[in-house]
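One structure below.
The values are calculated or read from the model by the stated rules, or taken from the named source; none is laboratory data. All of these numbers come straight from a predicted model, not from anything done at the bench. Neighbour counts run over all protein chains shown; Cβ positions are idealised from the backbone, glycine included.
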Amino acid sequence: MVTTELKLLAMGAGVLVLGAWYIGGRLPEIAEVLPGLIVDTGAGVIIGTGDILGIPRVDESECERALREGRRLDASFACPAGTFIGSVWDDWWK
């Protein structure tokens, strides 16, 4: 006699096999989308954490404007760290 647990186990195994078969056929599509999904998820986590901590979002146009006008303090708040440090580095070597 087949128990309820054995029936559930068989159904679960069937679902896993069908899921693996479906995903296996779509693997090229998944491989194409996955890197962008990971990057977007990471960016969302970082932006959300910054919002929670009260860190203002970066405005590229304000960053560029502050760098162009030579306002270093404003640029330090408006620019991503890499952009700001790169601009200081470039100015230092000129």
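Being assigned to a helix (DSSP H, G or I), of a type outside the set (Phe, Trp, Tyr), closer than 26 Å to Val58 by Cβ and at pLDDT 85 or above narrows it down to one residue among Val45, Val17; which is it? Please lay out each step first, then the result.
On the way: Val17 fails: closer than 26 Å to Val58 by Cβ.
Of the residues listed, the single one that is assigned to a helix (DSSP H, G or I), of a type outside the set (Phe, Trp, Tyr), closer than 26 Å to Val58 by Cβ and at pLDDT 85 or above is Val45.
Taking every residue in region 69-93 that is closer than 20 Å to Gly54 by Cα and pairing it with any residue that is among the aliphatic types (A, V, I, L, M) and outside any helix (DSSP H, G or I), at least 6 positions away or on another chain, the pairs with Cβ-Cβ distances below 6 Å are Pro80/Val58. Listed by first and then second residue, the pairs with beta-carbon distance under 9 Å, at least 6 apart or on different chains, first residue in region 37-60 and at negative phi and without any contact (Cβ under 8 Å) to a residue 24 or more places away in the chain, second of a type in the set (Lys, Arg) and surrounded by fewer than 10 Cβ atoms within 10 Å (Cβ to Cβ), are Ile47/Arg57; Gly50/Arg57; Asp51/Arg57.
Can we say Gly24 is exposed (fewer than 10 other Cβ atoms within 10 Å of the Cβ), in a helix (DSSP H, G or I), at pLDDT below 85 and not hydroxyl-bearing (Ser, Thr, Tyr)? Yes: the conditions hold for Gly24.
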